[in-house]
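A short write-up of the structure that comes next.
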Amino acid sequence: MKKIIILILLSFNTLLLIGNPARTSHVYPYNVYGGYIFFKNTSSYNQYWEVERIENPQGGFYFDQICLEINDIIRNDHFYHVHWDNVSMFDASIIDPNKHFKTIRVYNTDTGVLMHVFNFGDNIFSIISGDGKINSVWEINITD
């Protein structure tokens with residue numbers, strides 16, 4: 001009798017897992033904002049970046065340093081998943097990657113010489129496609 005009850009419970013649990021709408025539904029309960037950021041190095045030297053980020057970033061890039069060799073291009077995801085209940089309260093201005101750092105210092109990797117310093121308010125990330133809110137692409141390109 002115990003074996004039959006256990007078999008029934010296991011079968012019932014299996015059916016619950018298979019039929020769970022959260023597992024099979026393709027509708028997500030959030031909107032996606034943002035896009036991608038491309039970091040490009042078209043200069044004649046290898047670069048090392050030190051990024052001093054703002055406190056409590058809600059998106060953007062989450063790294064403190066990056067190395068770019070000559071002709072490197074690095075893509076970084078820059079997405080915000082905003083639940084449907086919070087869309088009316090979402091501040092779309094925070095999507096701009098120019099608002100996610102305090103300073104960025106760019107060094108020549110081979111010599112250690114400081115080449116550029118970018119401060120908060122410098123619009124170094126330019127939008128190359130999209131409206132800046134949904135499916136947008138930004139880039140930063142350090143040249144000589």
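The values are calculated or read from the model by the stated rules, or taken from the named source; none is laboratory data. Predicted model, so just to flag it, every value in this text is computed and none were measured. With ideal geometry, Cβ positions are generated from the backbone for all residues, glycine too; neighbour counts draw on all protein chains shown.
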Taking the stretch 74-101 as the region of interest, how many residues are more than 14 Å from the chain's Cα centre (by Cα), surrounded by 13 or more Cβ atoms within 10 Å (Cβ to Cβ) and not small (G, A, S)? 1
Of everything in the stretch 117-129 that's in contact with a strand residue (DSSP E or B) (Cβ under 7 Å, 6 or more places away or on another chain) and exposed (fewer than 15 other Cβ atoms within 10 Å of the Cβ), which residue is nearest to C67 (Cα to Cα)? V117
All positions within the stretch 130-144 that are surrounded by fewer than 15 Cβ atoms within 10 Å (Cβ to Cβ) and among the hydroxyl-bearing types (S, T, Y): T143
Just to be sure before I move on: is S93 under 16 Å from Y33 (Cβ atoms), hydroxyl-bearing (S, T, Y) and modelled with pLDDT of 85 or more in the structure I sent? no
Residue pairs meeting the criteria (Cβ under 9 Å; at least 6 apart or on separate chains; first touching a residue at least 24 places away in the same chain (Cβ under 8 Å) and farther than 16 Å from A92 by Cα, in the stretch 117-137; second of a type in the set (A, V, I, L, M, F, W, C) and in a loop (DSSP other than H, G, I, E, B)): F120/I54
For Y36, all conditions in the list (1) hydroxyl-bearing (S, T, Y); (2) modelled with pLDDT of 85 or more; (3) farther than 19 Å from S129 by Cβ hold save one; what is the number of the exception? (3)
Kindly provide the set of residues from the stretch 47-90 that are among the acidic types (D, E) and modelled with pLDDT under 80, ordered by number. E55
Somewhere in the stretch 101-109, is a residue of a type in the set (V, I, T) and in contact with a Cys (Cβ under 9 Å, 6 or more places away or on another chain)? yes
Subset of the stretch 116-144 [farther than 19 Å from F63 by Cβ and assigned to a strand (DSSP E or B)]: S126, I127, I128, S129, S136
Consider G112 carefully, then state whether it is without any contact (Cβ under 8 Å) to a residue 24 or more places away in the chain, closer than 19 Å to D91 by Cβ and among the small types (G, A, S). no
